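Data first, discussion second: the structure below is written as structure tokens.
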Amino acid sequence: MDPVLTYRRDSVGELPVLVWRPGYPMMSISSAAHGGGLGPRHWVINVTVPADYDRPDPDAHLAEISAGLGLAGAGVGLLTAVDVALRVTAVDHGVRVTATVGLGHPTWAAAPDGDLRTEPRSGTVGTINVVGWLPARLGDAALVNAVATVAEAKAQALGDLRLASTGTASDATCLLCPVDGDAEPYGGPRSTWGARLARATHRAVLAAAARDLGVPLPWPR
């Protein structure tokens, strides 16, 4: 479940793409522009786009990109202006989380309407995309809970870096697990698989965010 790095041609040149293609369907829950929601998916892509990306049809664009990569069946597509080649993967007891992080436009979740505040790092890109794999089947409610767990762990990582932010306005998450097996009922941070997901997410986001900010990790890892 580690992604493969490939490239696609865009108007600005060659741009990187991360591709997860295990060869069998996975249960997915995602907030992604393409293939979001809950259901079986055959692949996931995390696609770098130019910083001035303004296409009004990201769903259709991701469908075009996936077709160009030869990906068949239903899948999940995420977009980011971050160089996805700089991904960070963390593992905890079989849970694998890959994060791509750009913090050019950090924000608070509970901000006023229309607030897209920009810190002094104006001009840099800003999106946190998280793709996680859990080797145990999670029930539907547990998968919803697991998405919340990712958000909590991400916010914890940003807090550890003393960044006044809970994320960016364009963050996306995709979680995957087997389609078969006895369904685990819980995905919260103190459940067995939720705790593993939280730790892996925290480590991946923390490392990727520290690199994006150009600061050392707050403690040895």
Residue-averaged 222 nm ellipticity for the chain, from DSSP H runs of 4+ at -39500 (n - 2.57), nearest 500: -8500 deg cm²/dmol
Tell me, what is the percent relative contact order of the chain, built from C-alpha pairs under 8 Å that lie six or more residues apart? 21 percent
Taking H as built 1.01 Å from N, whose amide H comes closer than 5 Å to the amide H of residue 127, not counting residues under 5 places away? 102, 103, 104
Yeah, region 129-189 with a ≥ b ≥ c from its alpha-carbon gyration tensor (a/c under 1.5 is rounded, else prolate when a/b outruns b/c, oblate otherwise) is prolate
DSSP-defined antiparallel bridges as percent of all bridges, the chain, nearest 5: 75 percent
Based on the alpha-carbon gyration tensor of the chain and its eigenvalue square roots a ≥ b ≥ c, which shape applies: rounded if a/c is under 1.5, prolate if not and a/b is larger than b/c, or oblate? oblate
Could you give the nm distance between label points at residue 55 and residue 113, where each point is 7 Å from its Cα heading toward the beta carbon? 3.1 nm
Based on the Cβ-Cβ distance of residue 67 and residue 211, what FRET efficiency does E = 1/(1 + (r/R0)^6) give at R0 = 22 Å, to the nearest 0.05? 0.10
Residue 27 neighbourhood, Cβ < 10 Å, K/R = +1, D/E = -1, net charge 0
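Values in this text are rule-based calculations from the coordinates and carry no lab data. Predicted model, so just to flag it, every value in this text is computed and none were measured. Methodologically, a virtual Cβ is constructed for each residue, glycine included, from the backbone with ideal geometry; neighbour enumeration extends over all protein chains shown.
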